[in-house]
Amino acid sequence: MSQRYEHEVLSIAALNRYVSRSLSADPILRSVTIRGEISGFKPYPSGWYFDLKDTDAKIACVMWRDVTRRTSFVPENGQQVILHGSVGLYEKNGQYQFIADMMRPEGTGLLWERYERLKEKLRAEGLFDESRKRPLPLRPRRIAVVTSAEGAVWHDIRKICAARDSGVALVLVPVHVQGELAAPEIAAAIPRAAALPEVDLLIVGRGGGSMQDLWCFNDESVARAIAACPVPVISAVGHETDFTIADFVADRRASTPSNAAEIAVQDRADALEGLKMIRERLSRAVLHLFSEKRLALAELRRRLALCSPETGLLRQKTRVRETALALDRAMDQMLTDYIRQAERQRARLEAMNPAGVLRRGYALVFDGNRPVTRAADAPERMNLRFADGSVAVRREEKT
């Protein structure tokens, strides 16, 4: 440590941070290649955690997710591998660890280098891009299987496909899957298999083996034949932990040949159940649609009826009839009012009629035809007119 730390009490965090920086600053520890056996392998979303051990010691190791995604196989406990990376310290718990940025199986040095060079070349050309991957047919008419006629792969694929849907036809295109003849045979068989009548899906693969055994599926000619195939290709090479160039180029990778059969052929019972659910959903959707259309039709009919000439004429007739009734009522009311008014006028006239006054016991005084309304104007002889006749009278003066 520097002089500054000689008499200073450090926190654990400060000490771990100092050690971590010291390890990171060491040029030798920034680039180290080690070999050993995988132990305690644990895959997590963040990366792979495991120990690498030999006969004398072990070291904790980590490979972060961005590195594991570029690694062409998933290691297994007990597998001998070669790692490249750097030495560091996990400051939280002070654990010394190896941070790997490359992993390959031991004993495949030259093959591994060829594999990595070809993988990067094809990746750069876009042959691994997800955008060029084609969807598999929902129910293939005929599947061509490019594999050995002698191995268990063809038997397993036939058995699984028949159990899942016996109506899907299979055809074997036999090839060598190991040795010097394998790669050119497979590359030539792929376009030939795709050209067979009604073939709309290919499965290319073999059972498990070492990297050397599987090497034909890392051949550039095979990779380019898969990329150029006119129908979708499933790569089914080796076991779940084996990755080949064919896996990256194919439209779909299967972890095993048996898994390829499961991917290629949908279980008929599941398919029928799915179709039943789809039919029920479609029925509900159609009924709902019919209901909506029926309501819409009723609304259109209502609007059309409102715009119909017949409806307009009927409305006019109704309005005329209502108006006529209103006029009749108004005329009746008016006539009633006129009659009442006439009765009142008649009563008034009757009250003012002289004959009516005479009938009540009164008499009119006339001087000839001239009515006499004052006693001072009364003549010597007068006529008194009663309701039923006239009487001549003479005027007498009172003494």
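Derivation of every value follows stated rules applied to the coordinates shown; laboratory data play no part. Because the structure is a prediction, the values reported are computed rather than measured. Reconstructed Cβ throughout: ideal geometry from the backbone, glycine too, with neighbour counts over all protein chains shown.
Tabulated results
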{"quantity": "Gain in span if fully extended, R329 to R395, counting 0.36 nm per residue against the direct Cα distance", "calculated": "17.5 nm"}
{"quantity": "Two-site label geometry, R294 and S46: point separation in nm, points 7 Å out along Cα→Cβ", "calculated": "6.0 nm"}
{"quantity": "Cα extents of segment 226-269 along the three principal axes, largest first (Å)", "calculated": "34, 28, 9"}
{"quantity": "Relative contact order of segment 229-317, pairs being alpha-carbon contacts under 8 Å that are 6 or more residues apart, as %", "calculated": "18 percent"}
{"quantity": "Segment 113-165: GluC sites (Glu not before Pro) falling in loop per DSSP and having at most 15 other Cβ within 10 Å", "calculated": "E125, E150"}
{"quantity": "Globularity index of segment 354-394, i.e. its alpha-carbon radius of gyration over 2.2 N^0.38 Å", "calculated": "1.10"}
{"quantity": "Ranked list, fewest to most other Cβ atoms within 10 Å of each Cβ, for V204, V177, V81", "calculated": "V81, V177, V204"}
{"quantity": "Selection of trypsin sites (Lys or Arg not before Pro), segment 134-240, meeting DSSP coil and at most 15 other Cβ within 10 Å", "calculated": "R141"}
{"quantity": "Shape call, segment 244-299: gyration tensor on alpha carbons, a/c limit 1.5", "calculated": "oblate"}
{"quantity": "Ranked packing of 166-176, 8-18, most packed first, by mean Cβ within 10 Å", "calculated": "166-176, 8-18"}
{"quantity": "Taking N as its residue count, the alpha carbon Rg of segment 3-106 over 2.2 N^0.38 Å", "calculated": "1.20"}
{"quantity": "Ranking of E397, E220 by count of other Cβ atoms within 10 Å, fewest first", "calculated": "E397, E220"}
{"quantity": "Peptide ranges 284-291, 73-80 listed from the most packed, as the mean C-beta count within 10 angstrom indicates", "calculated": "73-80, 284-291"}
{"quantity": "Mean shadow area of the chain over all directions, Cα convex hull, nm²", "calculated": "63.8 nm²"}
{"quantity": "Relative contact order of segment 354-394, pairs being alpha-carbon contacts under 8 Å that are 6 or more residues apart, as %", "calculated": "37 percent"}
{"quantity": "Sequence ranges 24-31, 360-367, 47-54, ranked by mean other-Cβ count within 10 angstrom, highest first", "calculated": "47-54, 360-367, 24-31"}
{"quantity": "Cα long-axis angle, helix 268-307 against the chain (0 to 90 degrees, to the nearest 10)", "calculated": "20 degrees"}
{"quantity": "Principal-axis tilt of helix 109-124 within the chain, Cα atoms, nearest 10 degrees", "calculated": "30 degrees"}
{"quantity": "In nm, spacing of pseudo-spin labels at I339 and L138 (7 Å Cα→C-beta vector)", "calculated": "8.6 nm"}
{"quantity": "Computed over the chain: relative contact order in percent, which uses C-alpha pairs under 8 Å that are six or more apart", "calculated": "10 percent"}
{"quantity": "For C307, C229, C216, order by how many other beta-carbon atoms lie within 10 Å, fewest first", "calculated": "C307, C229, C216"}
{"quantity": "L272-D66 FRET efficiency (beta carbon distance; Förster radius 45 Å; 0.05 resolution)", "calculated": "0.55"}
{"quantity": "Stretch gain in nm, segment S210-R35, where the contour uses 0.36 nm per residue and the Cα spacing is subtracted", "calculated": "61.2 nm"}
{"quantity": "Antiparallel %, DSSP beta bridges [both residues in the chain], to 5", "calculated": "65 percent"}
{"quantity": "27 Å Cα-Cα reach of K92 towards lysines, excluding residues that sit fewer than 8 places from it in its own chain", "calculated": "K42, K53, K58"}
{"quantity": "For segment 296-354 versus segment 104-155, the gap between their alpha-carbon centres in whole angstrom", "calculated": "95 Å"}
{"quantity": "Computed lengthening from Y90 to A375, 0.36 nm per intervening residue step minus Cα-Cα distance", "calculated": "87.5 nm"}
